[in-house]
Amino acid sequence: MKLTEAMLLKYGEIALRGKNRQLYEERLLDTVRGRLGREYTVIREQGRFLIRRADEGAFDYDFVTARVKNIFGLVGLCPCVMTEEQCIDNLRALALAYARKHFSGKSTFKVESRRADKRYPLRSQEISASIGEYVLNGMDNMTVNVRNPDAVLYVELRTHAYIYSETISAPGGLPPGASGKGLLLLSGGIDSPVAGYLVAKRGVQLEAVYFHSPPFTSERARDKAADIAEALSVYTDTRLHVIKFTDIQMLIKGKTPPEKLTLLLKRAMLRTAEKAAERRGCQCLVTGDSIGQVASQTLAGICATNSAVSLPVMRPLCGFDKLEIIALAKKIGTYEISIRPYEDCCTLFVPKHPETNPKKSIIERIEANMTGLDALIEQAAMTVEA
Ligand code: ATP
Ligand code: MG
């Protein structure tokens, strides 16, 4: 029996979203189509998407899986066989052919069925029983175990019928860009890429800014930020803007007591990023801050820097321990790039005894007296293309 190979895609949360559902689905569908070439067609199939070959060629599961498994909004990928002819005899034959191909080395199985069209003459339980019996008779050395089987043969009756046994997990979340656009402050460290990933997972399209301070920071440090942005683009296109920060940094360094330097630099980064965000149509800023991780990230420190801007600043790592952040960085593929030993402009200027309980009003007063800072910030933000 000829098996028509295909892949069913399951999506999670967006199925629940009332009026927006159509919009979210379309965005997700477009993203999937955009990742695959012309050899594949992607259509809606009653609460799922279906990927098929557009021609007679073989379905390349490795290729398709690699292309779609990181798309936010999808929760599972099911390599399957399908048939248009849904009568039970045909389903039984298809299931047996599938089991013979895929269940070698397994000794127990069960069948689970689901019918979208309740007019189908058999109920789900009956479909499972009928197919299970047929497969059992056709397979040597296999028995049924409904509690703890080695393999589950799933049967789904929708516009067509599908049979599969494996679900490759996908990241979930919301489709790329469905929630708008944000600007990530991307440092080249471990934290900020993870923060970007988490926000992008909620449907926020990302752009990124890296503050570059030559000659204090090297070209290689900049390349590292570029490589991280590229690594994030596996999940969602992340365009990187490099903003030259040297002049701002020197001005602030000359006029700030050392223990307050990091806070004033961070305010200047946020202010520049906010202006760049406005030019690029971004509705929020994103940073890799985690409460209490370093002196500038105590609540008092966050308070004293946050007041520099009025755009919301997302800090998705605020409740994460460093080890949790590292584990996630490894999982998403940014960790190895982040630990390359190149300097960051903040670490170069880190004071010996940074303030951990700064007073917002004092920080703001120092900043207000810095002649020329506003103009430099304006100028730096202008280097980001509108
Ligand atoms: P990371 O691991 O992301 O570098 P960190 O633990 O080193 O974070 P900080 O240096 O205090 O912490 O930076 C906090 C946040 O400020 C970073 O997560 C990032 O969002 C932003 N940031 C710091 N330096 C830069 C930079 N050179 N360019 C862009 N953003 C930066
Ligand atoms: Mg850093």
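Odds and ends about this structure:
- Taken across region 218-226, residues that are within 30 Å of K266 (Cβ to Cβ), at pLDDT 95 or above and either outside the structural domain of Y342 (by TED's automatic domain parsing) or of a type in the set (A, V, I, L, M) (or both) do occur, with at least one present.
- Residue that is least open to solvent (accessible area, probe 1.4 Å), among those in region 323-344 that are in a loop (DSSP other than H, G, I, E, B) and within 12 Å of ligand 1 (Cβ to nearest atom): T334
- Qualifying positions in region 183-205 - away from ligand 1 (no atom under 12 Å from the Cβ) and in a strand (DSSP E or B): R202, V204, Q205
- Among the residues of region 128-166, those identified as farther than 24 Å from R44 by Cα and within 38 Å of the chain's Cα centre (by Cα) are S128, N145, V146, R147, N148, P149, D150, A151, V152.
- For first residues located in region 263-274 and closer than 18 Å to M382 by Cα, partners that are in a helix (DSSP H, G or I) and charged (D, E, K, R) and lie 6+ apart or on another chain with Cβ distances below 8 Å form the pairs R267/E367.
- Selection count, region 94-138, where residues are touching a residue at least 40 places away in the same chain (Cβ under 8 Å), charged (D, E, K, R) and more than 15 Å from Y162 (Cα to Cα): 3
- Complete set of residues in region 192-218 that are open to solvent by less than 20 Å² (accessible area, probe 1.4 Å) and within 15 Å of ligand 2 (Cβ to nearest atom): S192, P193, V194, A195, G196, A208, V209, Y210, F211, H212, S213, T217
- Which listed residue, of S290, S307, is within 29 Å of K255 (Cα to Cα), modelled with pLDDT of 90 or more, open to solvent by less than 60 Å² (accessible area, probe 1.4 Å) and away from ligand 1 (no atom under 13 Å from the Cβ): S307
- Selection within region 56-84: residues that are free of Cβ contacts under 8 Å to residues at least 40 places away in the same chain and loosely packed, with under 15 Cβ neighbours inside 10 Å. The member of this set that is nearest to G203 (Cα to Cα) is A66.
- Any chance P316 is more than 13 Å from ligand 1 (Cβ to nearest atom), in the same structural domain as A225 (by TED's automatic domain parsing), open to solvent by 20 Å² or more (accessible area, probe 1.4 Å) and not in a helix (DSSP H, G or I): no
- Only listed residue being assigned to a loop (DSSP other than H, G, I, E, B), buried (at least 22 other Cβ atoms within 10 Å of the Cβ) and not assigned by TED's automatic domain parsing to the domain that holds Q283, chosen from P149, P176: P176
- When region 256-270 is filtered for residues that are open to solvent by 50 Å² or more (accessible area, probe 1.4 Å) and at pLDDT 95 or above, nothing remains.
- In region 134-158, residue nearest to A99 (Cα to Cα) [restricted to those that are at pLDDT 95 or above and out of contact with any strand residue (DSSP E or B) (no Cβ under 9 Å at 6 or more places or on another chain)]: G138
- Tabulated pairs, region 277-288, first within 15 Å of G177 (Cα to Cα), second surrounded by fewer than 23 Cβ atoms within 10 Å (Cβ to Cβ) and among the basic types (K, R), C-beta under 7 angstrom, 6+ apart or interchain: G281/K181; C282/K181; Q283/K181
- A residue that is of a type in the set (V, I, T) and assigned to a helix (DSSP H, G or I) occurs somewhere in region 87-106.
- Any hit, region 271-283, residues being within 16 Å of ligand 2 (Cβ to nearest atom), open to solvent by less than 40 Å² (accessible area, probe 1.4 Å), in a helix (DSSP H, G or I) and farther than 19 Å from K359 by Cα: yes
- Within region 108-142, the residues that satisfy the criterion of being open to solvent by 60 Å² or more (accessible area, probe 1.4 Å) and over 20 Å from T159 (Cα atoms) are A129, E133, Y134, L136, N137, D140, N141.
The values are calculated or read from the model by the stated rules, or taken from the named source; none is laboratory data. If you're wondering where the values come from, they're calculated on a predicted model, not measured in any experiment. Note: ideal-geometry Cβ built from the backbone for every residue, glycine included; neighbour counts use all protein chains shown. Each accessible area value is taken on the protein alone, full model and side chains, heavy atoms only, with ligands, DNA and RNA left out. Shrake-Rupley method; radii C 1.70, N 1.55, O 1.52, S 1.80 Å.
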